[in-house]
Amino acid sequence: SSGCAATTAVMASLSSGDHVVCGDDVYGGTFRLFDKVFKRFGIETTFVDHTDLVATEKAFKTNTKVCWVETPTNPMLKVVDIAALANITHRTSGAIMVVDNTFATPALQLPLTMGADVVLHSTTKYLGGHSDVVGGVLVGNDAALKDRLAFLQNALGGTPGPMDCFLTLRGTKTLHLRMQRHVEN
């Protein structure tokens, strides 16, 4: 039903005592969820500059379950090396790596091909494209993870209505043209 609802589904898959490594420049709604909501449930988050791979690797703990990446970041538009972070994430802790790909969209960046486990899009922005829908989506290749997240989305009420889906689908039909114009500008 929104990008924040998709983020909530991922975070609700964690348990008290789990740890998240998150970029230090993320969408304000993401920061609020991690620092003001899920922190109260005993889920700890370390915010670190993901462009500094050494600092990022040091932020991982034995209880790290998620590495949350946004690239380009919001609002500073820092570009993160997704493949390098995926390598650190999987090698260091066996955690999953979630990439918020809202700004780049699938027209410009495919995080699953670079090692990400889950990709999040706020469809409210570029995917919808017409400022008339609020939505979010999670995509991935692992069937068990997909089923767990789909269960949580349904259980938490974070599912879109049919009209929202239609409007988002309409927006994807012109996504490549709109993103090409953004790049040219």
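Some observations on this one:
- Split the accessible area of the range 15-66 by element, probe 1.4 Å, and carbon with sulfur accounts for 53%.
- A 1.4 Å probe run over the chain, with the rest of the protein chains in place, finds 49 Å² accessible per residue.
- Peptide packing: for 80-88, 151-159, 19-27, the average count of neighbouring Cβ atoms within 10 Å per residue gives the ranking 19-27, 80-88, 151-159, highest mean first.
- Axis of helix 82-92 versus longest Cα principal axis of the chain: the two differ by about 30°, to the nearest ten degrees.
- Antiparallel bridges, percent of DSSP beta bridges restricted to the range 77-179 (to nearest 5): 60
- Taking label points 7 Å from Cα along the Cα-to-Cβ direction, Leu145 and Arg91 give a separation of 1.8 nm.
- Sorting the segments 114-125, 7-18 by their residues' average number of neighbouring beta-carbon atoms within 10 angstrom, most packed first, yields 114-125, 7-18.
- Tilt relative to the chain, helix 162-172 - C-alpha long axis, 0 to 90 degrees, to 10: 80
- Cα lying deepest toward the dipole's positive end in the range 102-185, options Leu108, Cys165, Gln180, charges on Cβ: Gln180
- Between 0 and 90°, nearest 10: helix 175-184 axis offset from the chain longest Cα axis: 80
- Build a GNM of the chain with springs between Cα atoms under 10 Å apart, and of Asp49, Asp147, Asp100 the one that fluctuates most is Asp147.
- What you get for the range 76-184, charging only the Cβ of Lys and Arg (+1) and of Asp and Glu (-1), is a dipole of about 160 debye around the Cα centre.
- DSSP bridge pairs, the chain: antiparallel proportion in percent, nearest 5: 25
- The modelled label-to-label distance between Asp81 and Arg32, using points 7 Å beyond Cα along the C-beta direction, is 3.4 nm.
The values are calculated or read from the model by the stated rules, or taken from the named source; none is laboratory data. Nothing here was measured: the structure is a model prediction, and the numbers come from that model. For neighbour counting, all protein chains shown are included, and Cβ atoms are generated from backbone atoms with ideal geometry for every residue, glycine included. Ligands, DNA and RNA are excluded from the accessible area calculation, which covers all protein heavy atoms including side chains. Shrake-Rupley method; radii C 1.70, N 1.55, O 1.52, S 1.80 Å.
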